[in-house]
Amino acid sequence: MDAIPLRTLDLTVEPGQDLNGLLDAAVQQLMTAAIAEKAGIQVVRSAVGTYTASVSAEVPFGTTMESWEPPQTAAAPLAHFTP
């Protein structure tokens, strides 16, 4: 029975760790699924030291895309007016 290839990896990088080495290793682990699906790999930084690498059909095949996901905050109203 064949193992199911990984599609997503969550990483936490501590100060002093090799960020590029850890991200490269994550991408290498996702290659089997990316090739099978003819998809790319997306790496998203969601916070300082926190990353998610995943196979994504939205990324062109053979490409690794990196992005930063800013924290989601609710916008406060600037002012209230009463007639």
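Quick rundown of the values:
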{"item": "Qualifying residue in the stretch 22-42 (condition: β-branched (Val, Ile, Thr) and touching a Gly at 6+ places or on another chain (Cβ under 6 Å))", "result": "no"}
{"item": "Complete set of residues in the stretch 2-37 that are among the polar types (S, T, N, Q), more than 14 Å from Thr63 (Cα to Cα) and surrounded by 11 or more Cβ atoms within 10 Å (Cβ to Cβ)", "result": "Thr8, Gln17, Gln29"}
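Every number in this text was worked out from the coordinates using simple rules, so none of it is lab data. Being a predicted model, the structure only gives us computed values, none of them experimental. Ideal geometry is used to build each Cβ from the backbone, glycine not excepted, and the neighbour counts take in all protein chains shown.
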